[in-house]
Amino acid sequence: MAYSTEAMFRDDSYLRESAAQVLAVNDRGGIILDRTIFYATSGGQPGDTGTMLREDGSPIAVAATITGEHKDEIIHVPGTEQPVPEIGERLKLAIDWPRRLLLMRMHAACHLLTVVCPYPITGAAVGEDDSRVDFDIPDAGFNKEAVTEQLMALVRADHPIYTRWISEEELAANPTLVKSKNVRPPSGTGRIRLVCIGDDASVDSQPCGGTHVARTAEIGEIHIGKIEKKGRENRRFRIRFGAMPAN
């Protein structure tokens, strides 16, 4: 039986704590709640880690968060030798906020990179220190210094980052919103979540279910650490925090 969890992070990425009720515990010990602030691994962004506090004050460490049979079934994977909560039990949730904030900053930076490099995306992975975005680019024509300069111009402009929902019909009528070459947004729910950057989405707008900071200035100093050739028409751009090291 598949369950549905209210994904609170979709509306507010800054929620650090919340209460929730246990709906089920699967045969592998995965905990399913009625609602959650824990982001589940998807779209290149890792799932959250953190803690669930039981009513008696004892903690359950969450080592990973993943999806189940569908995107709305969110499974909290406890660490080894953790207690198992009872069905119906109330828990207090707390994500590892410093880690989540790093991932939010990095994910937002990846979106900016797709603005600077407006080519089809062939892959992506968001990390706490190093992220990558792969593009289908026949002739690179990019250098890391120039890309870094353009990225930081967008960061310093302090553009707002926000979400809005459109219908699947609206997405079908605007296919250029989808930047991924091989992956389409999940369908069947009737609506699509867009992440927009800039007033009236003047900088960017694309389907995404991940978490991001609220303004580009929150990303902080970033740079392109490396541009790698990963095939005849595939280039991998690596984003890292901090200023570009001196040569």
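What follows draws every value from the coordinates through simple rules; no lab data is involved. No experiment lies behind these values; they were computed from the predicted model shown. So basically every Cβ, Gly included, is an ideal-geometry build from the backbone, and we count neighbours across all protein chains shown.
Annotations
- If you wrap the chain in the convex hull of its Cα atoms and look at it from every side, the mean projected area works out to 14.7 nm².
- Angle in degrees between helix 144-156 and the longest Cα principal axis of the chain, rounded to the nearest 10: 60
- When peptides 160-169, 201-210, 3-12 are ranked by their average number of other Cβ atoms within 10 Å per residue, the highest-first order is 201-210, 3-12, 160-169.
- Environment charge of Gly231, counting only residues whose C-beta is closer than 11 Å and scoring Lys/Arg +1, Asp/Glu -1: +1
- Cα shape, region 100-241, gyration tensor, a/c 1.5 rule: oblate
- With Cα atoms, 0 to 90° folded angle of helix 97-116 axis to the chain main axis: 30
- DSSP beta bridges in the chain [antiparallel fraction, %, rounded to 5]: 95
- Ala146/Asn174 FRET efficiency (R0 35 Å; Cβ-Cβ; nearest 0.05): 0.75
- Each peptide in 175-185, 111-121, 190-200 receives the mean, over its residues, of other Cβ atoms within 10 Å, and ordering these scores from highest gives 111-121, 190-200, 175-185.
- Packing, taken as the mean count of other beta carbons within 10 Å per residue, orders the peptides 21-32, 231-242 from highest to lowest as 231-242, 21-32.
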